[in-house]
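What follows is a short report on a single structure.
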Amino acid sequence: MDYTEKVMDHFMNPRNVGKIENADAIAEVGNASCGDVIKMYLKIQGETIEDIKFQTFGCGAAIAVSSQTTEMVKGKTLREALDLTRDQVAEELGGLPPIKMHCSNLAADALHQAVKTYMKDHGIAER
Amino acid sequence: MERIYLDYNATTPVRAEVRDAVLPFLNDLFGNPSSRHLEGRQVKTKIEAARAQVATAIGAEPERIVFNAGATEGNVTILRGYQVNYKEKKGRDHIIISAVEHPCIYDTAKKMAGEGYAVTFVPVDGEGNIDLDGLKKAITERTGLISVMAVNNETGVIYPVKEIAKIAREKGILFHTDAAQAIGKMPFDVKDIDADFVTMSAHKFYAPKGIGALYIKKGKRLDPLLTGGHQEANRRAGTENVVGMIAMGRALELATGELATDRERIGKIRDEFERRILAEVPHSRRNGGADNRLYTTSNISFRFVEGEAVQLKLDHFGIAVSTGSACSSGTLDPSHVVMAMCNGDEETAHSSIRFSFGKYSKMEEIGYVVDRVKEVVAQLRSFSPLYDKFLSSQGK
Ligand code: FES
């Protein structure tokens, strides 16, 4: 299976790339299967993700998934971000080749890790 | 947009002269070479002429050439044939291969290791050169076969097969070389090298895919993988790939006549490309020593970016290259070749791109390719967490 047009669009023109100075939450996760790295930076206002940016060292799918993930949670609440799954991201992208599904874990993992740490530090209940 | 194909080590287009040579065999000359009637005999004569063309190109007698389906078949035939023909007879259950062999050798040898064989993988140094002392030391009384490729497909590094054949011969060990990347691109004489077995693949020199050949030295036995009919003097059963054989013979004849001019012309393009890339893209490194490399290949790692992403972007800009990155392999394993050269440093393999040049490469294309590579690598670095880390470690 090839990359869908939407994957290619996010890969060629990734949204929300870079980092946020003075981010409220940061998480970095590495991919055990192929050694790739995704880092997410979040700016949080109250319980809302005001801004989100990412840095990714990885394949086309990893970059597209990172980009798509940031688009899907920007402006959403922390709990909504926690509810986002890798399958939803992959679906939004029109699907991923099976061997690339693990790349979509990375972005969701980084996002969830950042959000959870922030909630814990700020005494916000996850549910 | 016109494409720029820089993946000649993967495969080459079929050249016009070769296409012309096979057309009659897609029309009137359809006979089965094993048939005794005129239709068969006509074709038989032609495939024997093709066999002679292949033989002449590598300094062999025609009867030493066995056509097959390509390098994978050739290489697996050697390793598996060795198991059948030699081990039981001499108790020699140890084989030696280099750590940078093509997967069809590498993985088959690994399988054999799981089947009770002893297999030594001889390492290479940072420039991709084989550790000859290590190879000599690995030899034991049980060693029966050494297999080292003539030219590495990923880096273009040339291996001293003549020397290795000599080492093997002195110890009564069989020597095989996978010459898929060498034959048709550099002078290659089986008698001078004194190899027992040589693997060839025709689609690397402008013939179609699915045809190759083995050279088997006189007096050496090798049971076929495919048994059945008496084709190829009982050395490979199955109705002949007539079109492939005709194509391979013609293509190799042409290639052999053009070795010197290709080397000169393609080598200049490769050298200029590599000089500019290494000078103009920061944190790029060449995989493989500067010398002792085939003139067709340039394997470069661009630190902090992943190879599949680079490949995909270049493809978008009309440039075809390949990568040793784990992300682009079907198994998510990085190239064992590049890994072997950089002490298992995964990041170097991860970010490696192979540019391979050939007959239709043009010097005028180089500027465009270099510019796109610069642009793509810079863009991917702009959001690479590894690059960011590197910059902060430099205090930037
Ligand atoms: S990041 Fe390695 S396969 Fe996607």
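No lab work stands behind these numbers, since they all come straight from the coordinates. What you see is a predicted model, and the numbers here were worked out from it, not measured in a lab. Positions of Cβ are backbone-derived with ideal geometry, glycine not excepted, and every protein chain shown enters the neighbour counts.
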Relative to the longest principal axis of chain B, what angle (0 to 90°, nearest 10) does the C-alpha long axis of helix B:259-280 take?
20 degrees
Could you tell me the center-to-center distance, by alpha carbons, between the range B:1-37 and the range A:22-78 in angstrom?
50 Å
With the charge dipole of the range A:5-120 built from beta-carbon charges (+1 for Lys and Arg, -1 for Asp and Glu) about the Cα centre, the Cα from A:98, A:7, A:31 projecting farthest to the positive end belongs to A:31
Treating only the Cβ of Lys, Arg, Asp and Glu as charged (+1, +1, -1, -1), what charge dipole size does the protein assembly as shown show about its Cα centre? Round to the nearest 20 debye.
1460 debye
Can you compute the helix-only [θ] at 222 nm over chain A? Use -39500 (n - 2.57) per DSSP H run of at least 4 residues, normalise by all residues, nearest 500 deg cm²/dmol.
-13500 deg cm²/dmol
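Once a ≥ b ≥ c are taken as the square roots of the eigenvalues of the Cα gyration tensor of the range B:16-257, is the result rounded (a/c under 1.5), prolate (a/b larger than b/c) or oblate (a/b not larger than b/c)? Write down the numbers at each step before the final one.
On the way: a/c = 2.27, a/b = 1.63, b/c = 1.39.
Since a/c reaches 1.5 and a/b is larger than b/c, the shape of the range B:16-257 is classed as prolate.
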State, to one decimal in nm, how far the label point of residue A:117 lies from the label point of residue B:133, with both points 7 Å from Cα in the Cβ direction.
4.8 nm
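Compute the signed sum of charges (Lys and Arg +1, Asp and Glu -1) over the other residues within less than 14 Å, Cβ to Cβ, of residue B:370.
Working: positive: B:270, B:275, B:276, B:362, B:372, B:374; negative: B:271, B:272, B:274, B:280, B:364, B:365, B:371, B:375.
Result for the local shell: -2.
What number, in percent, do you get for the relative contact order of chain B if the mean sequence gap of Cα pairs under 8 Å and at least 6 apart is divided by its residue count? If you can, show how the numbers build up before the last one.
Details: 774 pairs, mean separation 83.3, N = 396.
Taking the mean separation of contacting Cα pairs over the length of chain B, I get 21 percent.
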Restricting to Cα pairs under 8 Å and 6 or more apart, the percent relative contact order of chain A works out to 29 percent
Expressed in angstrom and rounded, the centroid-to-centroid distance over alpha carbons for the range B:104-168 and the range B:318-391 is 26 Å
By the gyration tensor of its Cα atoms, with a ≥ b ≥ c the square roots of the eigenvalues, what is the shape of the range B:1-67: rounded for a/c under 1.5, prolate for a/b over b/c, or oblate?
oblate
Based on the Cα coordinates of the range B:58-184, what is the per residue volume of their convex hull in Å³?
116 Å³
Compute the long axis of helix B:366-382 from its Cα atoms, compare it with the longest principal axis of the Cα atoms of chain B, and write down the angle in degrees, 0 to 90, nearest 10.
60 degrees
In a GNM of chain B with a 10 Å cut-off on Cα contacts, which of B:36, B:250, B:276 has the highest mean-square fluctuation?
B:36
Computed label-point distance, nm, for sites residue B:382 and residue A:12 using a 7 Å Cα→Cβ extension
1.6 nm
Number of Lys-Lys pairs in the range B:253-396 under 24 Å by Cα, sequence gap 8 or more or different chains?
9
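Evaluate the charge dipole of chain B about its Cα centre and quote only its size in Debye, nearest 20, assuming +1 on the Cβ of each Lys and Arg and -1 on the Cβ of each Asp and Glu. Walk me through the numbers on the way to the answer.
Working: 53 positive and 52 negative charges, 160 e Å.
Around 760 debye, computed over chain B.
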Based on the alpha-carbon gyration tensor of the range B:61-111 and its eigenvalue square roots a ≥ b ≥ c, which shape applies: rounded if a/c is under 1.5, prolate if not and a/b is larger than b/c, or oblate?
oblate
Which value in Å does the Kirkwood hydrodynamic radius of the protein assembly as shown take, with 1/r averaged over all unlike C-alpha pairs and then inverted?
25.3 Å
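Just from its helices, what would the mean residue ellipticity at 222 nm be for chain B, if runs of 4 or more DSSP H residues each count -39500 (n - 2.57) and the sum is divided by every residue, rounded to the nearest 500 deg cm²/dmol?
On the way: 15 runs with 165 residues, N = 396.
That comes out to -12500 deg cm²/dmol.
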The range B:259-387: radius of gyration and largest Cα-Cα distance (Dmax), Å:
14.2, 46
If I model a spin label at residue B:140 and residue B:209 as a point 7 Å from the Cα along the Cα→Cβ vector, what separation in nanometres do I get?
4.0 nm
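Cα-Cα pairs above 17 Å in chain A: how many percent? Don't jump to the answer; show the numbers that get you there.
Numbers: 4102 of 8001 pairs.
I get 51 percent for the Cα pairs in chain A exceeding 17 Å.
Treating only the Cβ of Lys, Arg, Asp and Glu as charged (+1, +1, -1, -1), what charge dipole size does the range B:166-319 show about its Cα centre? Round to the nearest 20 debye. List each step's numbers first, then the result.
On the way: 25 positive and 21 negative charges, 59 e Å.
Computed about the Cα centre, the dipole is about 280 debye.
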If I build a Gaussian network model for chain A, linking alpha-carbon pairs within less than 10 angstrom, which residue out of A:59, A:34, A:103 has the largest mean-square fluctuation?
A:34
